[in-house]
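A.B. asks: Okay, handing you the structure first.
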Amino acid sequence: MKDVKKTYPIKGMHCASCVRVIEKSLKRTAGVKDAVVNLATEKATVTYDTEKCSEEQIASAVAGVGYKAVMEQDVVSQDEEKIEKARELKKLRNKVVVSLFLGGLILWGSFPGLINTAPAFLKNFWVQLLLATPVQFWAGWDFYRATIPALKHRTANMDTLVALGTTVAYMYSAFVTFFPDVVMGLGLEVMPYFDVATIVIGLILLGRYFEAAAKGKTSEAIKKLIGLQAKTARIVRNGKEVDVPIEQVVIGDIIRVRPGEKIPVDGILLEGESAIDESMITGESIPVEKQKGDTVIGATINKTGTFTYKASKIGQDTMLAQIIKLVSEAQGSKAPIQRIADTISSYFVPIVIMLAIATFAVWYVAGPNPALLFALLNTVAVLIIACPCAMGLATPTAIMVGTGLGAEKGILIKDAESLEIAHKVNTIIFDKTGTLTKGKPEVTDIISLSSVIPAQAGIQNKILKQAIALSTRRVQDDILCLAASIEKGSEHPLAEAIVKRAEEEKVNLQKVSKFKAVAGHGVEGLIGKKQIYFGNRRLMEKEKIALGSYGEQIERLESDGKTVMLLATHPSHSEPFTPVILSEAKDLINVQDKLREESVLLGLIAVADTIKESAIAGVEALKKKGIEVIMITGDNPRTANAIASKLGITRVLSEVLPGQKEAEVKKIQAEGKVVAMVGDGINDAPALAAADVGIAMGTGTDVAIEAADITLINKDLRSVATAIELSRKTMRTIKTNLFWAFGYNILLIPVAMGVAYPVFHLLLSPIFASVAMATSSISVVSNSLLLRKAKI
Amino acid sequence: MTFDKIIVLILGVFGIGFTYWFFLMKKEQEIAVTGDSIDIKVEGGYQPDFISIPKGKTTKINFMRSDPSTCLEEVVIADFKIRKYLPLNKKVTIALTPQKTGEFSFTCGMNMFHGKLKVTS
């Protein structure tokens, strides 16, 4: 008896009743111990005895109730693909060797200059026919196999051209061999062209062999990614550690990882700490320190410590699986630049056939003697030299290498179109919070109204000073208490900083009612009977609350790049706020009177965010490329400019409400700029979508950010410039490829037709045509592969 | 001009006309997928090469390649970001749930062979 636990994706589930139906059916199956179906993940986890039950029975139990369990064999594995491609390459190599060897012998026995050194039997036309026949119909069989059904469907491709060209040469040669007298009677030299037919086939197959080998390398990046997947996981169950295949890991499993081991799936670290090499996923070369509560990524390598973690994402939900999916999708997409090649390639082969017919007719009618031979050889040359493959390969091979290279560097490109547009970008807008800064602001200053009083009062008494100092601290606590209480319900990063500080200070928060977040302004709510406002200047202006003597202090803080949040209560709503300690110290200073008379502003809290380590270098790299860098933020101009100047950014869009970011992006586009917007992909999704290229900084283990065209999973801002450079280099490669592919055909097809003959007496031998044709597609693929070595 | 040259000239003109008609004036025959799946034979192109599927419904397109030409070893449905390797003589299923109507192409990896996919409302 051997129990295994496996998880299968289920297709066709809609509701909770589907779950019950599938579970019931599975549990009724002999050998199944347990079956748990999850509607959210659309997966069934089945524990069964392999001796009593098979995967087929599980699939059948699921199918029996109208659903489908996806078994592994439904998908063509990479290994299978690799084996098949290797088999095809071997077969091709054998054909190349045989055809070039036999073709070489024929060439030796027929080519002027070589013929004198050849043994007599090789000069015999019947021997040449014997040698040429297997090349034509065995090695060249694939050309016919593709041509015959293609013609049935009234389509044609390169194989059609090769089959036509070599068949014409072979058939003429066979005719010469069988009926030399007829040929002589026509006034032609009795000379077969078996060498042309065989060498052309050999060389084209050789070109195809190299092309297939090189083409395989264009998708190497994705193969590497697939190869990263761990095979097993060490799960802690009932206090014991058991190694299980990766497919059997379920969400919630506790997994132990030792130094040097691969982390099997994504999860949250529970116990222990370690440095983890995430370079294979994020491109970040320095190992990342991880401790309890941190996210660990599947397929990365644990370097130093032993730890346990809880699996949070498995199968197709892991970060690696998402990356593979994204890269596969990008490689399957089409760049707009390819459209022209698409249009031309759909007419190309029929046009070449028409040109070949025209070539034959013109040379036969108007060519010099022997006109038939000229017509024949030039027609074959036209059919052979035309290379539609180079046009077809020009764009996709470069896209495959480009997107793969990006993935290796932690830059995920959604599709070929995004990669193409990115090279035109001349303006980049960075969202400030969470993008240029760490997005984890900290409270730096808490200033209450009373804290300015000692200086104003000019009190000299020591005891009084101490009392005031104590009261100031406690008033600050009150300010923090009110601010944190009201911000507790907010999701803004600044709110998080204030609540965190309150927790650190062990301040007891108060109950808030009628909470309301005013986008781009702040928050408001009722604490006890007091209406409290907490937000920026705009909120104060909106509520007509004067800043009074705080103005200068606020400006000073903002000039340091700090964001100042103001706490106020409105006189129309309630009595002015009376902090506890103020009421105790009212015999010392009549603060309450001051509050009532001058302002309802109670205090302010300054929060500062730290600039990311890579931000300055990231901005610098873009400026070096001649790209204008703009910062967009909800901060006031003073704070925004202070941060921007630290980063070397001169153009700042400040006081922009979250909902206005999209409009700001459109305004910049209206200036004629091609705009990329860099943000976190969550709060600024509409702005990312509105930009020509939306670039999102990856967060956690989610890489498929819907609004983003490019996702930077390495969180390094220098990658923005790298992504632009990658796009520029890829587009340069595509343009070179297309120029070569079109140029080659436009130039050499007319030469093969003989247009250079009247002036230069230049004609193209079919053998040379086959060499040129074979090298043209190899050169396109090789040029794309050069991208892998590009410095970006 | 000799008789044989006149014949060659006439045949040449006819050959060009025939090639144009044969390859470029082909009438497309649309096959509407009524069930959940359709089989497409990959041999010297795609058969059928023009299918129509309904919007919003998952349709399985089963490709079966029997043509050894390396040109056909991949199928690309670029509008759906799909590039799939087609092993010889093995069925490969691509499930599509189109969300927009229109005509989309599917091609071989080298963009030599073309098929059309029409999504109807």
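The values are calculated or read from the model by the stated rules, or taken from the named source; none is laboratory data. Keep in mind that what you see is a predicted model, and the values were worked out from it rather than measured. No Cβ is skipped: glycine too gets one built from the backbone with ideal geometry, and neighbour counts run over all protein chains shown. Please note that ligands, DNA and RNA were not included when accessible areas were found on the heavy atoms of the full protein model with its side chains. Shrake-Rupley method; radii C 1.70, N 1.55, O 1.52, S 1.80 Å.
A.B. asks: Between a residue in the stretch A:666-687 that is closer than 19 Å to A:Gly634 by Cα and any residue that is open to solvent by less than 10 Å² (accessible area, probe 1.4 Å) and hydroxyl-bearing (Ser, Thr, Tyr), which pairs come within a Cβ distance under 7 Å, given they are 6 or more apart or on different chains?
C.D. replies: A:Ile668/A:Thr427; A:Val678/A:Thr435; A:Gly679/A:Thr435; A:Asp680/A:Thr435
A.B. asks: While we're on this one: Any chance the stretch B:31-41 includes a residue that's in a helix (DSSP H, G or I), over 16 Å from A:His153 (Cβ atoms) and either within 10 Å of chain A (Cβ to nearest Cβ) or open to solvent by 100 Å² or more (accessible area, probe 1.4 Å) (or both)? Lay out the reasoning, then the answer.
C.D. replies: If we filter the stretch B:31-41 for residues that are in a helix (DSSP H, G or I), which is where we start, we get none.
Scanning the stretch B:31-41, I find no residue that is in a helix (DSSP H, G or I), over 16 Å from A:His153 (Cβ atoms) and either within 10 Å of chain A (Cβ to nearest Cβ) or open to solvent by 100 Å² or more (accessible area, probe 1.4 Å) (or both), so the answer is no.
A.B. asks: Additional query: If I filter the stretch A:677-684 for residues that are within 27 Å of A:Ile297 (Cβ to Cβ) and acidic (Asp, Glu), do I get at least one hit? Show your work before the answer.
C.D. replies: Just the residues of the stretch A:677-684 that are within 27 Å of A:Ile297 (Cβ to Cβ), to begin with: A:677-684.
So of that shortlist, the ones also acidic (Asp, Glu) come out as A:680, A:684.
Yes, the stretch A:677-684 contains at least one residue that is within 27 Å of A:Ile297 (Cβ to Cβ) and acidic (Asp, Glu).
A.B. asks: Could you please let me know if A:Ser765 is touching an Asp or Glu at 6+ places or on another chain (Cβ under 9 Å) and under 26 Å from A:Gly207 (Cα atoms)?
C.D. replies: Numbers: touching an Asp or Glu at 6+ places or on another chain (Cβ under 9 Å): no; under 26 Å from A:Gly207 (Cα atoms): yes.
No; evaluated as a whole, the condition is false for this residue.
A.B. asks: Can you list residue pairs whose Cβ atoms sit under 9 Å apart, with the first residue in the stretch A:523-551 being open to solvent by 60 Å² or more (accessible area, probe 1.4 Å) and the second being of a type in the set (Val, Ile, Thr)? Count only pairs 6 or more apart in sequence or on different chains.
C.D. replies: Filtered contacts from the stretch A:523-551: A:Lys530/A:Thr569; A:Lys542/A:Val518; A:Ala546/A:Val600; A:Ser549/A:Val452.
A.B. asks: Something else now. Does the stretch A:612-630 include one or more residues that are assigned to a strand (DSSP E or B), in contact with a Phe, Trp or Tyr (Cβ under 9 Å, 6 or more places away or on another chain) and open to solvent by less than 40 Å² (accessible area, probe 1.4 Å)? Spell out how you get there, then give the answer.
C.D. replies: Taking the stretch A:612-630 first, the residues assigned to a strand (DSSP E or B) are A:628-630.
Now narrow it down to the ones that are in contact with a Phe, Trp or Tyr (Cβ under 9 Å, 6 or more places away or on another chain): A:629-630.
So of that shortlist, the ones also open to solvent by less than 40 Å² (accessible area, probe 1.4 Å) come out as A:629-630.
Scanning the stretch A:612-630, I find at least one residue that is assigned to a strand (DSSP E or B), in contact with a Phe, Trp or Tyr (Cβ under 9 Å, 6 or more places away or on another chain) and open to solvent by less than 40 Å² (accessible area, probe 1.4 Å), so the answer is yes.
A.B. asks: Please state which of the following conditions A:Ser312 fails to meet, knowing it meets all the rest: (1) out of contact with any strand residue (DSSP E or B) (no Cβ under 6 Å at 6 or more places or on another chain); (2) within 30 Å of B:Phe80 (Cβ to Cβ); (3) of a type in the set (Ser, Thr, Tyr).
C.D. replies: Result: A:Ser312 passes all but (1).
A.B. asks: If you don't mind, there's one more thing I want to ask. Could you list, in sequence order, all residues of the stretch A:285-300 that are part of a loop (DSSP other than H, G, I, E, B) and either on the phi > 0 side of the Ramachandran plot or buried (at least 19 other Cβ atoms within 10 Å of the Cβ) (or both)? Please lay out each step first, then the result.
C.D. replies: Let us first name the residues in the stretch A:285-300 that are part of a loop (DSSP other than H, G, I, E, B), namely A:285-287, A:291-294, A:297-300.
Correct list: A:Gly293, A:Ile297, A:Gly298, A:Ala299, A:Thr300.
A.B. asks: Let me spell it out: the conditions are (1) of a type outside the set (S, T, N, Q); (2) within 30 Å of B:Gly44 (Cα to Cα); (3) within 13 Å of chain B (Cβ to nearest Cβ); (4) surrounded by fewer than 22 Cβ atoms within 10 Å (Cβ to Cβ), and A:Ala146 meets all of them except one. Which number is the exception?
C.D. replies: (4)
A.B. asks: Among the residues of the stretch A:210-246, which ones are open to solvent by less than 70 Å² (accessible area, probe 1.4 Å) and more than 30 Å from the chain's Cα centre (by Cα)?
C.D. replies: A:Arg234, A:Ile235, A:Val236, A:Val242, A:Val244 - these are the residues of the stretch A:210-246 that are open to solvent by less than 70 Å² (accessible area, probe 1.4 Å) and more than 30 Å from the chain's Cα centre (by Cα).
A.B. asks: Can you tell me which condition A:Ala696 does not meet? The list is (1) in contact with a Leu (Cβ under 7 Å, 6 or more places away or on another chain); (2) modelled with pLDDT of 95 or more, and all the others hold.
C.D. replies: (2)
A.B. asks: Please verify whether the stretch A:115-137 includes one or more residues that are of a type in the set (Gly, Ala, Ser), outside any helix (DSSP H, G or I) and at pLDDT below 85.
C.D. replies: Taking the stretch A:115-137 first, the residues of a type in the set (Gly, Ala, Ser) are A:118, A:120, A:132.
Remaining after also requiring outside any helix (DSSP H, G or I): A:118.
Cutting the leftovers down to at pLDDT below 85 gives us none.
Checked the stretch A:115-137: no residue is of a type in the set (Gly, Ala, Ser), outside any helix (DSSP H, G or I) and at pLDDT below 85.
A.B. asks: For A:Gly434, are the conditions met, namely being in contact with a Lys or Arg (Cβ under 9 Å, 6 or more places away or on another chain), among the small types (Gly, Ala, Ser), closer than 30 Å to A:Ala617 by Cα and open to solvent by 10 Å² or more (accessible area, probe 1.4 Å)?
C.D. replies: Values: in contact with a Lys or Arg (Cβ under 9 Å, 6 or more places away or on another chain): yes; among the small types (Gly, Ala, Ser): yes; closer than 30 Å to A:Ala617 by Cα: yes; open to solvent by 10 Å² or more (accessible area, probe 1.4 Å): yes.
Answer is yes for this residue.
A.B. asks: In the list B:Tyr85, B:Tyr20, which residue meets the criterion of being of a type in the set (Phe, Trp, Tyr), open to solvent by less than 60 Å² (accessible area, probe 1.4 Å) and facing another protein chain (nearest Cβ under 9 Å)?
C.D. replies: Exactly one residue qualifies, and that residue is B:Tyr85.
A.B. asks: Do any residues in the stretch B:53-72 that are facing another protein chain (nearest Cβ under 8 Å) have Cβ atoms under 7 Å from those of residues that are of a type in the set (S, T, N, Q), where the two are at least six apart or on different chains, and which pairs are they?
C.D. replies: Here the result reads B:Cys71/A:Asn157, each pair linking the stretch B:53-72 to a residue that is of a type in the set (S, T, N, Q).
A.B. asks: Among the numbered criteria (1) open to solvent by 30 Å² or more (accessible area, probe 1.4 Å); (2) part of a strand (DSSP E or B), which one does B:Gly56 miss?
C.D. replies: (2)
A.B. asks: Further question: Only one of A:Thr198, A:Thr160 is open to solvent by less than 20 Å² (accessible area, probe 1.4 Å), under 22 Å from A:Ala381 (Cβ atoms) and within 14 Å of chain B (Cβ to nearest Cβ); which?
C.D. replies: Working: A:Thr198 fails: within 14 Å of chain B (Cβ to nearest Cβ).
After applying the criteria, what remains is A:Thr160.
A.B. asks: Another question about this same structure. Looking at B:Met64 and the list (1) within 18 Å of the chain's Cα centre (by Cα); (2) more than 30 Å from A:Arg208 (Cα to Cα); (3) of a type in the set (A, V, I, L, M), which single condition is not satisfied?
C.D. replies: Evaluating B:Met64 over (1) within 18 Å of the chain's Cα centre (by Cα); (2) more than 30 Å from A:Arg208 (Cα to Cα); (3) of a type in the set (A, V, I, L, M) leaves (2) as the failure.
A.B. asks: Would you mind finding the one in A:Val168, A:Val176 that is on the phi < 0 side of the Ramachandran plot, within 14 Å of another protein chain (Cβ to nearest Cβ), modelled with pLDDT of 90 or more and over 44 Å from the mean Cα position of the chain (by Cα)?
C.D. replies: On the way: A:Val176 fails: within 14 Å of another protein chain (Cβ to nearest Cβ).
Selected residue: A:Val168, the only one of A:Val168, A:Val176 that is on the phi < 0 side of the Ramachandran plot, within 14 Å of another protein chain (Cβ to nearest Cβ), modelled with pLDDT of 90 or more and over 44 Å from the mean Cα position of the chain (by Cα).
This table checks each residue for (1) open to solvent by 20 Å² or more (accessible area, probe 1.4 Å); (2) more than 30 Å from B:Ala78 (Cα to Cα).
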residue	(1), (2)
A:Ile344	yes, no
A:Pro350	no, no
A:Ala356	no, yes
A:Thr359	no, yes
A:Val362	yes, yes
A:Pro368	yes, yes
A:Leu383	no, no
A:Ala390	no, no
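A.B. asks: For B:Ile40, indicate whether it is touching a residue at least 12 places away in the same chain (Cβ under 8 Å) and within 27 Å of A:Gly216 (Cα to Cα). Give the derivation first.
C.D. replies: Values: touching a residue at least 12 places away in the same chain (Cβ under 8 Å): yes; within 27 Å of A:Gly216 (Cα to Cα): yes.
Here the answer is yes, as B:Ile40 does meet what is asked.
A.B. asks: When A:Phe111 is evaluated against the numbered criteria (1) assigned to a helix (DSSP H, G or I); (2) open to solvent by 90 Å² or more (accessible area, probe 1.4 Å), which criterion, by number, is the only one it fails?
C.D. replies: In the conditions (1) assigned to a helix (DSSP H, G or I); (2) open to solvent by 90 Å² or more (accessible area, probe 1.4 Å), A:Phe111 misses (1) alone.
A.B. asks: Here's a follow-up. Taking the stretch B:105-121 as the region of interest, how many residues are more than 10 Å from every other protein chain (Cβ to nearest Cβ) and not in a strand (DSSP E or B)?
C.D. replies: Number of matching residues: 1.
A.B. asks: Within the stretch B:100-121, work out how many residues are farther than 17 Å from A:Ser333 by Cα and modelled with pLDDT under 90.
C.D. replies: So the answer is 1.
A.B. asks: Looking at this structure, is A:Trp141 closer than 24 Å to B:Pro68 by Cα and out of contact with any Phe, Trp or Tyr (no Cβ under 7 Å at 6 or more places or on another chain)?
C.D. replies: Values: closer than 24 Å to B:Pro68 by Cα: yes; out of contact with any Phe, Trp or Tyr (no Cβ under 7 Å at 6 or more places or on another chain): yes.
For A:Trp141, the condition - closer than 24 Å to B:Pro68 by Cα and out of contact with any Phe, Trp or Tyr (no Cβ under 7 Å at 6 or more places or on another chain) - is met.
A.B. asks: Do you know which residues across the stretch A:183-195 are part of a helix (DSSP H, G or I) and either free of Cβ contacts under 8 Å to residues at least 60 places away in the same chain or open to solvent by 10 Å² or more (accessible area, probe 1.4 Å) (or both)?
C.D. replies: Filtering the stretch A:183-195 down to residues part of a helix (DSSP H, G or I) leaves A:183-185, A:194-195.
If the condition is that a residue be part of a helix (DSSP H, G or I) and either free of Cβ contacts under 8 Å to residues at least 60 places away in the same chain or open to solvent by 10 Å² or more (accessible area, probe 1.4 Å) (or both), then A:Val183, A:Met184, A:Gly185, A:Asp195 are the ones that fit.
A.B. asks: Out of the helices (runs of 4 or more DSSP H) lying entirely within the stretch A:644-758, which hold 3 or more residues that are among the charged types (D, E, K, R) and surrounded by fewer than 20 Cβ atoms within 10 Å (Cβ to Cβ)?
C.D. replies: On the way: elements: A:661-670, A:685-690, A:718-753.
Result: A:661-670, A:718-753.
A.B. asks: Would you pick out the residues in the stretch B:94-108 that are more than 16 Å from the chain's Cα centre (by Cα) and either within 26 Å of A:Asp142 (Cβ to Cβ) or of a type in the set (A, V, I, L, M, F, W, C) (or both)? It would help to see each step written out before you state the result.
C.D. replies: Residues of the stretch B:94-108 more than 16 Å from the chain's Cα centre (by Cα): B:95-102.
Once the filter is applied, which keeps residues that are more than 16 Å from the chain's Cα centre (by Cα) and either within 26 Å of A:Asp142 (Cβ to Cβ) or of a type in the set (A, V, I, L, M, F, W, C) (or both), the stretch B:94-108 yields B:Ala95, B:Leu96.
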